[in-house]
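I have placed the structure first, in the form of structure tokens, so that the comments after it can refer back to it.
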Amino acid sequence: MPAPTPVDLTELSTSLGGSRRLRGHLARPEGTGPWPGVVVVHEALGVDDVMLRQTERLAQAGYLALMPDLFADGGVRRCLVPTMRAATSGRGRAWADLEAARQTLAERPDCTGRVGVIGFCMGGSFALVAAGRGAFDAASVNYGLLPKDAERALVESCPVVASYGGRDRMLKGAAARLESVLKVAGVPHDVKEYPAAGHSFLNDAENAPRQLRPLTRIAGIGPEPESAADAWRRIEEFFAEHLADS
């Protein structure tokens, strides 16, 4: 499987009111397609080798996977705080950037027109809010914060598969609350909390800055392969069910 290909999303993002410069990373399955698309939303650490491999993994599973770099127009230091605020508020230029990525996939001749979204960490928050906005056909939420008014935000959500770590101190109780909200709303869902896992457990390697890794290890942040394998199985089965061309 070749590495993701750089894609320039600037023209579309600018027309939608998003970033003045936006690049993405596109991974294609082998063969001729067409395939469903998946917008990949990266962690708060930005686009790195771990996130690129997550994108490649989705392509190996049979999806056109496009990850926009939400920090492309200004870098991590300038973009991190406003992008994190946008993740749960539903407002901000990052949303136009994600829509640019969605439209790019949906309009490609090698895409079926059905598009899902998957997010990790900060991206998980984006994926959850996006699920309730009506643009995506399925959402995979991985250790994402719930919006403040989750009951209202998710009342008409697309199907959601969500994975959380039981050792994730930042998101204590999030899985149970999300399960309850989606059940009341009648949204097809698969929510699971993994007792042995912490935050970012789906990553296949540590990706925090080296000087912070002793702290992240103490906090239980990082890979947990057994939980990750099961979570990926559930994600792939859920997407296969809800993103199949109908």
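Can you give me the % of accessible surface on the chain that is carbon or sulfur? Probe 1.4 Å, all protein chains present, nothing else counted. Working shown, then result.
On the way: 5770 of 11180 Å².
Carbon and sulfur atoms account for 52 percent of the accessible area of the chain.
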Any idea how far the Cα center of the stretch 130-146 sits from the one of the stretch 223-241, in Å? 16
What are the semi-axes of the equivalent ellipsoid for the stretch 1-68, taken as the square roots of 5 times the Cα gyration tensor eigenvalues, largest first, in whole Å? 21, 15, 9
Sorted largest first, the Cα spans of the chain on the principal axes come out in Å as 43, 43, 35
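Can you give the direction-averaged projected area of the convex hull of the alpha-carbon atoms in the stretch 30-119, in nm²? If you can, show how the numbers build up before the last one.
Values: hull surface 22.8 nm².
Averaged projected area of the stretch 30-119's Cα convex hull equals 5.7 nm².
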Any DSSP H helix in the chain with Cα axial reach of 18 Å or more and mean Kyte-Doolittle score of at least -1.0? Listed by number, the hits are 75-89, 93-106, 225-242
For a Förster distance of 51 Å, can you work out the FRET efficiency between the beta-carbons of residue 176 and residue 32, rounded to the nearest 0.05? 0.70
Leaving out ligands and nucleic acids, note down the accessible area per residue over the stretch 75-121 with a 1.4 angstrom probe, in whole Å². 47
Note on the stretch 104-192: the mean projected area of its alpha-carbon convex hull, in nm², is 5.7
How many angstrom lie between the C-alpha centres of the stretch 1-57 and the stretch 67-114? 10
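The values are calculated or read from the model by the stated rules, or taken from the named source; none is laboratory data. Since we're looking at a predicted model, the values are computed, not measured. Glycine also receives a Cβ, built like all others from the backbone with ideal geometry; neighbour counts cover every protein chain displayed. Each accessible area value is taken on the protein alone, full model and side chains, heavy atoms only, with ligands, DNA and RNA left out. Shrake-Rupley method; radii C 1.70, N 1.55, O 1.52, S 1.80 Å.
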